[in-house]
Amino acid sequence: MPTNATDRTLGLINIWQVLRKLLWEVELLAAIPVKIRIEAKPADVLHVEDARIYAAINAFSTSLALIDWLYHCVKELPLLGERCMEVLPNCDLSSSEEFSKSLRKISRPLNASHQVCNSNKHFFLRKPQSGFHTMIANIVSTDISGAAEVSVVMHITHDDRGSLEEYSVDEILRGLVAWWQSTLEAINVPGRDEFFPDAKTSCAR
């Protein structure tokens, strides 16, 4: 029988708290320097060449985890389940797996979260989604003194609808924070004020 895992999360007990974690991770990504001097010893972990990649993967993982948190929130309270069907009319509440699949069809950024995390978890994919690709580029530049800097550019592309669509990873993750906030608010999931008490500190800022 499934066991409630909130006693093993290092303190995460509420879906709004998980969303706050996602916001923190996206803000951390934004705080990492865009350019890193590659000939110098890193000043700290935020100045490691791959720091932006690590932060992005962590944020995608949290966004994906929110799907399961939402499923169990709405299953525990029937009124939330009804409201969820109104807000997300194409969602499937028959099981956590089907709910996840349906939300990934509703939201391309959520699907991107799944694709990135699944690919990082498994060395080989049995059923890779066609038309989904990530692009990572290291851009090296030099200044007059000859010092070299590297910047990491991360993009995701979809070409499964007949036309190529490309998005920056930063753009996708900022959009996910806003999507999750508006969705949880529309469904009336309780607990927001405890973790976002200041109206001026919007989790979609």
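Read-outs: derived from the displayed coordinates by stated rules, not from any lab. Just so you know, these numbers come straight off a predicted model, no measurement behind them. Reconstructed Cβ throughout: ideal geometry from the backbone, glycine too, with neighbour counts over all protein chains shown.
Given Met135, Met85, which one is in contact with a Cys (Cβ under 8 Å, 6 or more places away or on another chain), surrounded by fewer than 16 Cβ atoms within 10 Å (Cβ to Cβ) and at negative phi?
Step by step, each of Met135, Met85 is checked, and only Met85 is in contact with a Cys (Cβ under 8 Å, 6 or more places away or on another chain), surrounded by fewer than 16 Cβ atoms within 10 Å (Cβ to Cβ) and at negative phi.
Looking at Leu79, is it crowded, with 18+ Cβ neighbours inside 10 Å and on the phi < 0 side of the Ramachandran plot?
So Leu79 fails the test.
Report, by residue number, each residue of segment 92-101 that is part of a helix (DSSP H, G or I) and surrounded by fewer than 17 Cβ atoms within 10 Å (Cβ to Cβ).
Ser96, Glu97, Glu98, Lys101
For the structure I just gave you, tell me whether Ala51 is surrounded by 18 or more Cβ atoms within 10 Å (Cβ to Cβ) and of a type in the set (Gly, Ala, Ser).
yes
Which residues, counting only those in segment 102-120, are in contact with a Pro (Cβ under 9 Å, 6 or more places away or on another chain) and either crowded, with 20+ Cβ neighbours inside 10 Å or basic (Lys, Arg) (or both)?
Gln115
With the structure loaded, tell me whether Leu10 is within 30 Å of Val74 (Cβ to Cβ) and part of a helix (DSSP H, G or I) or whether it fails that test.
The answer is no for Leu10.
Looking at Asp68, Asp44, which one is out of contact with any helix residue (DSSP H, G or I) (no Cβ under 8 Å at 6 or more places or on another chain) and without any contact (Cβ under 8 Å) to a residue 60 or more places away in the chain?
Only one candidate passes the filter, namely Asp44.
Out of the residues in segment 66-91 that are part of a helix (DSSP H, G or I) and touching a Pro at 6+ places or on another chain (Cβ under 9 Å), state the one that is nearest to Ile187 (Cα to Cα).
Leu80
Can you pull out every residue in segment 47-65 that is without any contact (Cβ under 8 Å) to a residue 24 or more places away in the chain and either part of a helix (DSSP H, G or I) or touching a Leu at 6+ places or on another chain (Cβ under 9 Å) (or both)?
His47, Ala51, Tyr54
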